[in-house]
Amino acid sequence: MGVLPETGVAPVPVEVLESRLLEDVRALAPGDRLPGERELMERFQVSRPMIRRVLASLEARILVRRVPGAGTFVVSRVDLPISNRQPPSLHAAAAAADRELRTRLVSSGEDVVPACEAAQLGLPANQEALGLVRVGDIDGLPATYSREWVLPERARNLDAALGVIESVYESLCAFGFEPQRGRSIASVEDVPAEVRSKLRHRKPALAWRILSMTVDARTREPLLISETWFRMDLVRLIFDFE
């Protein structure tokens, strides 16, 4: 093994560097900031490219999150129950974790539930609906991208309600329903380019994709169909179905 010409100290092997940084990450609390690249270079006597290589590896393992211009932070994720026993609400999950979730409506209008999604959830072809596109930020960071279809005669003015009440769950409650998560299909998939731009993924990445039906707990009638992408470094899904 060679030595660094400036110091005469043998550089730390990349495997050892990753192991030591992993120890640092585990010693910190979620949301804590790691030392900067220059400090890590001096501490371990390694080059900047090696530091960045190891940080990229830890980020790929969803252990840290690198924010351009701000630094590298220990991942702090919101636990979202995917359950038919708890409210289908990311707002409630974020509040329970003392995090701020803000969602905004990107577009709305008359639409048809896509054939693939309709078939997967047992809906008829060409099912008409009010289509919504929304994005959600957790503590100012893009975390979710949703396409939602509100079924006819359920809550036609839901898009207007979302201008006042950001939570779909709370909005449906305001319409007199008891929303409950019905059938859900979860997968980890490559993020499409359109979604990646909304979630600010700088390169091809994986994310949770949840296709779900929300029903009225009293009547079991479908209320809402949703396809939601979740950044894996900001949201952790907890599956709990009876």
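As a rough guide to protection, the peptides 155-162, 122-129 ranked by mean Cβ packing within 10 Å, highest first, stand as 155-162, 122-129. The mean sequence distance of close C-alpha pairs (under 8 Å, at least 6 residues apart), as a share of the length of the stretch 78-240, puts its relative contact order at 26 percent. For the stretch 88-211, the Kirkwood estimate of hydrodynamic radius, built from reciprocal distances between every pair of different alpha carbons, is 15.6 Å.
Counting every other Cβ atom within 10 Å of each residue's Cβ, F44, F230 order from fewest to most as F44, F230. Computed from Cα atoms, the angle from the helix 14-27 axis to the main principal axis of the chain rounds to 60 degrees. A crude spin-label estimate for the pair F239 and A119, with each label 7 Å from Cα along the Cβ direction, gives 2.2 nm. Its DSSP H runs of at least 4 residues, each contributing -39,500 (n - 2.57), put the calculated 222 nm mean residue ellipticity of the chain at -7500 deg cm²/dmol, to the nearest 500. Toward the positive end of the charge dipole of the chain, with +1 on the Cβ of Lys and Arg and -1 on the Cβ of Asp and Glu, the farthest Cα among I225, P35, Y145 is that of P35. Kirkwood radius, the stretch 14-74, all distinct C-alpha pairs, inverse of mean reciprocal distance: 11.4 Å. Computed over the stretch 189-242, the alpha-carbon pair-distance distribution with 10 angstrom bins reads 21, 42, 25, 12, 1, each value a whole percent. Tell me, how many Å apart are the Cα centres for the stretch 90-125 and for the stretch 34-89? Going from one Cα centre to the other spans 27 Å. Rg ratio for the chain: its Cα radius of gyration over 2.2 N^0.38 Å, N being its residue count, equals 1.23.
Each value in this text was obtained by applying a stated rule to the coordinates, not by laboratory testing. Keep in mind it's a predicted model, so treat the numbers as computed, not measured. Here Cβ is always computed from backbone atoms with ideal geometry, including for glycine, and neighbour counts include all displayed protein chains.
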